[in-house]
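One structure is given below, encoded as structure tokens.
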Number of protein chains: 4
Amino acid sequence: MSDKLRLGMIGGGPGAFIGGVHRIAAQLDGEYELVCGAFSSDPEKSKASGMELGLSPERVYRSYHELFERERQLPEQERVQVISIVTPNHVHFEPAKLALENGFHVVLDKPMTFTLEEALALRKVVEASGKRFCLTHTYTGYPMVKEGRQVVASGQLGKIRKVYVEYPQGWLSRFEEGSDNKQASWRTDPSKSGKAGAMGDIGTHAFNLAEYVSGLTVSKLCADINTVVEGRQLDDDGAVLLKFANGASGVLMASQVAAGEENNVKVRVYGEHGGVEWQQSDENTLLVRWLDKPAEIRRTGTGYVSSYAQHNSRTPAGHPEGYLEAFANLYRNFALCVKADLAGQPTQPEWEDYPGVEDGVRGMAFIEGVIASGKSDQKWINFSIEA
Amino acid sequence: MSDKLRLGMIGGGPGAFIGGVHRIAAQLDGEYELVCGAFSSDPEKSKASGMELGLSPERVYRSYHELFERERQLPEQERVQVISIVTPNHVHFEPAKLALENGFHVVLDKPMTFTLEEALALRKVVEASGKRFCLTHTYTGYPMVKEGRQVVASGQLGKIRKVYVEYPQGWLSRFEEGSDNKQASWRTDPSKSGKAGAMGDIGTHAFNLAEYVSGLTVSKLCADINTVVEGRQLDDDGAVLLKFANGASGVLMASQVAAGEENNVKVRVYGEHGGVEWQQSDENTLLVRWLDKPAEIRRTGTGYVSSYAQHNSRTPAGHPEGYLEAFANLYRNFALCVKADLAGQPTQPEWEDYPGVEDGVRGMAFIEGVIASGKSDQKWINFSIEA
Amino acid sequence: MSDKLRLGMIGGGPGAFIGGVHRIAAQLDGEYELVCGAFSSDPEKSKASGMELGLSPERVYRSYHELFERERQLPEQERVQVISIVTPNHVHFEPAKLALENGFHVVLDKPMTFTLEEALALRKVVEASGKRFCLTHTYTGYPMVKEGRQVVASGQLGKIRKVYVEYPQGWLSRFEEGSDNKQASWRTDPSKSGKAGAMGDIGTHAFNLAEYVSGLTVSKLCADINTVVEGRQLDDDGAVLLKFANGASGVLMASQVAAGEENNVKVRVYGEHGGVEWQQSDENTLLVRWLDKPAEIRRTGTGYVSSYAQHNSRTPAGHPEGYLEAFANLYRNFALCVKADLAGQPTQPEWEDYPGVEDGVRGMAFIEGVIASGKSDQKWINFSIEA
Amino acid sequence: MSDKLRLGMIGGGPGAFIGGVHRIAAQLDGEYELVCGAFSSDPEKSKASGMELGLSPERVYRSYHELFERERQLPEQERVQVISIVTPNHVHFEPAKLALENGFHVVLDKPMTFTLEEALALRKVVEASGKRFCLTHTYTGYPMVKEGRQVVASGQLGKIRKVYVEYPQGWLSRFEEGSDNKQASWRTDPSKSGKAGAMGDIGTHAFNLAEYVSGLTVSKLCADINTVVEGRQLDDDGAVLLKFANGASGVLMASQVAAGEENNVKVRVYGEHGGVEWQQSDENTLLVRWLDKPAEIRRTGTGYVSSYAQHNSRTPAGHPEGYLEAFANLYRNFALCVKADLAGQPTQPEWEDYPGVEDGVRGMAFIEGVIASGKSDQKWINFSIEA
């Protein structure tokens, strides 16, 4: 009998980009089997998607409420174990809360919720549930991003002084709202996306990446938030000056109107003795610079990288692993932890290294912080989250 | 009910690299379900592998002979449909032949067979069987390799004049034979690998890539074949001067002793008006150069690339798709064709664009040709294959 | 008889970096002949330098005062024509003023003066003198930086929306003051460097580059200015949010504690339809990105680039021209203009394209603005300069 | 009094590319003063060029014969010391011989002569003259090419096994002969260029670079030589398999019909433990790869590179030095040696590291060897030069 985890999906019906990515990511390492889903708020579309995915018709549900109700009544060996939620932001909190309260582990797309308030509430639900929770900040799944974090954590760079992170995109350079571009429509709609556009969609990724690699936490920020394209309801561009708790400073740049740019998210962290640099356009490389020595090109799939980088790689050096593999690393590590828990086995630190509810709370605080700062005449605003 | 194709695997047990890659590739797009296998020549190891993969024990076989015998007796709706063969080269021909003769479609790892004679025989079997056959020359699965072929085929470069292809690796720089490195051991063993080492393992990839992108066929060659590491039984390095049927010339370089190199296979094709360049270290880019205009950077996932490139991509531009996705493209296109055949539907040219038995015959002729040339004092030898 | 312009130099004695660069730049195209100088505030060192450079002893002066006094008494055909000033910042204003008032053209190293007040005063001197004045913002001398400006100016990118400029260095990561490193010592000394350290030394270059390529002018800014290394008297790091007069926004980053970084200044400018990117580590390339088309790689020395790029290049495409050539372009264009003036001939727009006193005034206003902003709790400060 | 060496030039009149390059290179470091020349075989053009360059009219000669005759009669302190010869290949031998025999040091453009016979004769003249002789194989002047040679020479890579060198250009993709393109016309004319076109023009550079970096000497070769463009009289493309005296093998590729390529000469040398890679498009970087460690990025202008690399660099790391600086390094090292000789001082090994007559003899033997091999049916031809 298969030891695959039984996965259910909420959202990810026709026209969704990220739903398909989640499915590939979950299946890539053979750790999950998709057994049920509520793929759309439209019951007909949900059915059609489920059929197309080869699910048993009786486990394709008309709503996530129905999903939870029915699944929890199934025998334990059949019942779904992990719920993957890939809906727009305004439909994150409730299904996540219900999933956890019904005893399911949850994988949730970012940003975690619609508001910071919901995020703080969800944190409590997660803690009370005893269930595992993963927030899909994809970029932290890249082996060389993990290597960057490990280089910093090793202390070899000395005290960290400077962080640059950027996420330039160009795909919203025109007013696409109302067109066939479903992605453009919901992501720029405050009733679905929340308080922020670009800052929520990609700014949170950049923020998470900066904190993840540097190992630092932001304590103050000063934001310039712009809506560049006429008629747009949410921000499509911004830049944020950062102060970290250890005294380091940083700059975060995110734009969806950098015409001609794709998704070349990039992070640089500098300490007293050197720095690390990673960018998605050269995803299998970590550049490690030193004050008085040649820079090093560290590569995925080699024998000399950290256990974290090695664990999150599948192919020999030089055979590139990309975005789907990075995404799959989140799912795989989550599965390894869930299965170990089920088996009463200890987990390994490499497995536990996936983004969780605390990343989600910080991401929502970032969104609210930068939007508030963007409107303020005051330079610095404090960035702190209630415990 | 799932419309996944039922897949069986021969080889790919413990310690195998390429077997795992095939499994990920087959499952990545959800087109196949692994239903049976004979994973090792050791029945115990085969069983263990099958259990680990979650197969029903009764469909984990002790040998491929058993697999064919039993599977053909299963009801048509249960029976395996596609056989994936991922064994060392000396166990390619017989299982492929048996699979085809028992009515199964075949996906076979390269090089196609142990000898050219076997390759010619297998071609006849494929033709007689009416079944589909795919040879996994991975690199032709990359969207930007396909784009390169399309640029050439469009005629925009004019007549093709020059082809450079190279595949530098360094992993066999030391004598690793007899160590734990199972890959090193069989790939350098003439009883398993065949007449050639590096030329068979990576030279054939380079050869295939050169012919695929240029759309040309090699007609003469002159090879320098070397065994650099002392004690090694097969070549670990070589370079080949090429002449193509249209009058173009080329150079092929393949080495497994280029210390420090990973797998950065690279191809360049030049015509009268410009050229294309692709390399695996920047896998989502095709460089298109022009005589009198700026070079273009064409990218996976954009709207301006050919239908072939678009069809073989899953994520938006800038989210890199790597080696596993390229491999998955072979499996996916093969599945689309098989399913269309089953449904009595026509296929599309983009689906039919996967390497087949002819590529395999040419690859085996390449191996025999370069080994012969390497030993000859004569400069050019003709490269022709009996029809 | 040589038609070289007669050049005199103030500063640039032993231990000076930029003096040697100016000399190479001036001589590279054979437009100038060094005829006199006051190379150090120490008369002995000045003499020694002059001898080493092969000058006539009677034209190596003990001070710039002496230089001006003596040279103006020489016959017109012998007298120095252009004065190059390469002293530390606190010795810029007076020699520049005296040179102009004594009828000499001036090439001055950046930042233009010690204070904004001096800069405004020097602007008046330049205007009153009728002499030519060049401020050596080197990076605008690169052919592909000029190409970037021309692409923007052509309107092809549409309205400019976003500017990113960065100048990361690591050479002041340690406390080097008081060591043998003469560069580190004066550049971090407020009595020689002025109000700013990194912002004056490299921030002004970044600022100039941003305005030059975008063709825009900054109207507001918000700065985070840091002194990272303990004991240092001036800033060694900073980041500035920018607003431009046309409504575009931008980010400027400059650091001298980005350990392991060299001098990879980089500028990116995005408009409605695309963007341009240039960086010094790939100095002969301008990347031009488009919303719906492949990015272009424009290259120095090709036939398709603008007249500005062509005019500022000496070698065929692919033979790289670097920093010294960029510097030489400033000197060469300045010489072409001076010679045309002398000959009563009109100049060409490509020749007039060198940085001048207005760039210097703006640079000094930038320094004072970012230092003031760095100390302020207010977010935005206006950036305006009295006419 | 100036201690500049007095330089005379033969060739380099209107329409010449390389003459201007030599002049910039000679003057860049202030080591030479151009005092006389015979710039064209047309006396009028010679005069015009000399005037434009600001020479005294009486030292602009109508022919090189006149130059030698007159200059040797000048007082020693006025007389030219170094003769730079930048004529087409068929006018290399005689002026070089005369210059040496008249007591002048010689800098000569490559390839050294019109025939191998002339090269062997010139070697004798050089040896008999006691004068210094430099052949301008530019690429060996790059600091990071020198660093590559030093890494190999240090033994850190172990025994050298493989050398790849390539020089792709596209500028002769069309039939340009007879057009205004003076360069295209003489370089493809056997009466001026010699037995080879591409192989002489750029193949010799590649050959020299391969031997220089690897420290090895070629002992056998097998060439494929092509004339691709219809109507052309000389080869415009070729590839050569190489065997080195130590047992290593190599591949040399040179083409002038690789449409869209500029001048991206590239060399890779691999030993038992790692390899080095340099290419002109990233001229200030040497990539050093290792079997089991991250690759290193070594950079011009840093403190950690060899004395050879440091000596041949002028600017801090990150301020790129390009083709003209590489060329200037040849002239500068030559001047340092000549001046030391004149002063009766010892030279330093870093100064002596410029290409000489032996490189020229080997280059001419390469040309004759590859042209002979290209016509031969035999695979390997021996490459040996009479002592």
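The values are calculated or read from the model by the stated rules, or taken from the named source; none is laboratory data. Because the structure is predicted, anything quoted here is derived from the model rather than measured. Please note: Cβ atoms are built from the backbone with ideal geometry, for glycine as well, and neighbour counts cover all protein chains shown. Just the protein is used for accessible areas: all its heavy atoms, side chains included, with ligands, DNA and RNA removed. Shrake-Rupley method; radii C 1.70, N 1.55, O 1.52, S 1.80 Å.
Normalised by the number of residues in the stretch B:5-131, the mean separation of alpha-carbon contacts (under 8 Å, six or more apart) gives a relative contact order of 24 percent.
The C-A contact accounts for roughly 3500 square angstrom of buried accessible surface, both chains included, probe 1.4 angstrom. Can you give me the orientation-averaged projected area of the convex hull built on the Cα atoms of chain A, in nm²? Projected area, direction-averaged: 19.4 nm².
The largest-to-smallest principal axis extents of the Cα set in the stretch B:150-304 are 53, 34, 21 Å.
Solvent-accessible area of chain D (1.4 angstrom probe, protein heavy atoms only): carbon and sulfur portion equals 47 percent.
Can you pull the percent of Cα pairs in the stretch C:145-241 with separation above 16 Å? The calculated P(r) of the stretch C:145-241 puts 61 percent of pairs beyond 16 Å.
Measuring r between the beta carbons of B:T217 and B:Y304 and using R0 = 35 Å, the FRET efficiency lands at 0.70. Distant-in-sequence amide contacts of D:Y32, defined by a placed amide H-H separation under 5 Å and a gap of 5 or more residues or a different chain, comprise D:L5. At a probe radius of 1.4 angstrom, the accessible area of the protein assembly as shown per residue rounds to 33 square angstrom.
Computing FRET efficiency as 1/(1 + (r/R0)^6) for B:M51 and B:E76, where r is the C-beta to C-beta distance and R0 is 22 Å, gives about 0.25. FRET efficiency for the pair C:E58 and C:K192, taken as 1/(1 + (r/R0)^6) with r the Cβ-Cβ distance and R0 = 30 Å, rounds to 0.50.
Hey, got a sec? Which GluC sites (Glu not before Pro) in the stretch D:352-387 land in a DSSP loop and have at most 14 other Cβ atoms within 10 Å? Sparse-neighbourhood loop GluC sites (Glu not before Pro): D:E386.
Counting Cβ atoms of other protein chains within 10 Å of each Cβ in D:268-275 and taking the mean gives 6. Computed from Cα atoms alone, the Kirkwood hydrodynamic radius reported for the stretch C:5-131 is 14.4 Å. Relative contact order for the stretch A:132-243: 28 percent, from Cα pairs under 8 Å spaced at least 6 residues apart, divided by residue count. Peptide A:285-297 is shielded by partner chain Cβ atoms: per residue, an average of 6 of them sit within 10 Å of its Cβ. Chain B comes nearest to the axis taking it onto chain A at the Cβ of one residue; that residue and its distance, in whole Å, are B:G322, 2.
A simple spin-label model places pseudo-atoms 7 Å from Cα toward Cβ; at A:D292 and C:E33 they are separated by 4.7 nm. The base-10 log of I(q)/I(0) for the stretch C:226-322, evaluated at q = 0.12 Å⁻¹, reads -0.59 [Debye formula, identical scatterers on Cα atoms, solvent excluded].
With both labels modelled 7 Å from their Cα along Cα-to-Cβ, the B:E127 to D:A121 distance reads 6.4 nm. Please report the antiparallel percentage of the DSSP beta bridges confined to the protein assembly as shown, to the nearest 5. Roughly 60 percent of the DSSP beta bridges within the protein assembly as shown come out antiparallel.
Divide the volume of the convex hull around the Cα atoms of the stretch C:245-290 by the residue count and you get 92 Å³ per residue. Taking every Cα-Cα distance in the stretch A:97-196 and sorting them into 10 Å bins from zero, the calculated P(r) comes out as 12, 27, 30, 26, 5, 0 percent.
For the set C:H65, C:H22, A:H311, solvent exposure ranked by accessible area (probe 1.4 Å, protein chains only) runs largest to smallest as C:H65, A:H311, C:H22. Put simply, the amide H of D:Q348, placed in the peptide plane, has no neighbours under 5 Å, leaving out anything fewer than 5 places away on its chain. Applied to the stretch D:243-257, the Karplus parametrisation 6.51 cos²θ - 1.76 cosθ + 1.60 on θ = phi - 60° returns per-residue 3J(HN,Hα) values of 10, 9, 4, 7, x, 5, 10, x, 9, 10, 10, 9, 8, 10, 10 Hz, with x for Gly and Pro.
Extending 7 Å from the Cα toward the beta-carbon at both B:S179 and C:Q378 defines two label points whose distance is 6.8 nm. The other copies place their C:A387 label points at 6.1, 8.4, 8.6 nm from this one, listed shortest first, where each point is 7 Å from Cα along Cα→Cβ. For B:F17, the solvent-accessible surface computed with a 1.4 Å probe is close to 50 Å², ligands and nucleic acids excluded.
Here, the protein assembly as shown is characterised by an Rg to Rh ratio of 0.98, where Rg is the alpha-carbon radius of gyration and Rh the Kirkwood radius. Annotation: amide H of B:L108 within the under-5 Å range of B:I85, B:C134, B:L135, B:T136, sequence separation 5 or more or interchain, hydrogens built in the peptide plane.
With helices as the sole contributors, chain D gives -10000 deg cm²/dmol at 222 nm; each DSSP H run of n ≥ 4 counts as -39500 (n - 2.57), and the sum is divided by every residue.
Relative to the isolated chain, which residues of the stretch B:247-264 have their accessible area cut by 50 Å² or more in the presence of all protein chains (1.4 Å probe, heavy atoms, no ligands or nucleic acids)? Listed in order, they are B:M253, B:A259, B:G260, B:E261, B:E262, B:N263. Each residue of the stretch B:197-210 was assigned a 3J(HN,Hα) from its phi angle through the Karplus curve 6.51 cos²θ - 1.76 cosθ + 1.60 (θ = phi - 60°); the sequence is x, 4, 5, x, 6, 10, x, 5, 4, 4, 4, 4, 5, 4 Hz, with glycine and proline shown as x. Over all distinct Cα-Cα pairs of the stretch B:85-129, the Kirkwood formula returns a hydrodynamic radius of 10.2 Å.
Residues of the stretch D:319-347 whose accessible area, computed with a 1.4 Å probe over protein heavy atoms, drops by at least 10 Å² once all protein chains are present relative to their chain alone are D:H319, D:P320, D:G322, D:Y323, D:L324, D:E325.
For the stretch D:289-324 versus the stretch B:337-376, the spacing of their alpha-carbon centroids is 46 Å. Ranked from largest to smallest solvent-accessible area, with a 1.4 Å probe on the protein heavy atoms, B:L120, B:L221 come out as B:L120, B:L221. 3J(HN,Hα) along the stretch B:269-283: 10, 10, x, 4, 10, x, x, 10, 9, 9, 9, 5, 6, 9, 5 Hz, from the Karplus curve 6.51 cos²θ - 1.76 cosθ + 1.60 with θ = phi - 60°, whole Hz, x for Gly and Pro. Computed over every Cα-Cα pair of the stretch B:296-361 and binned at 10 Å starting from 0, the pair-distance distribution P(r) comes out as 19, 44, 29, 7, 0 percent.
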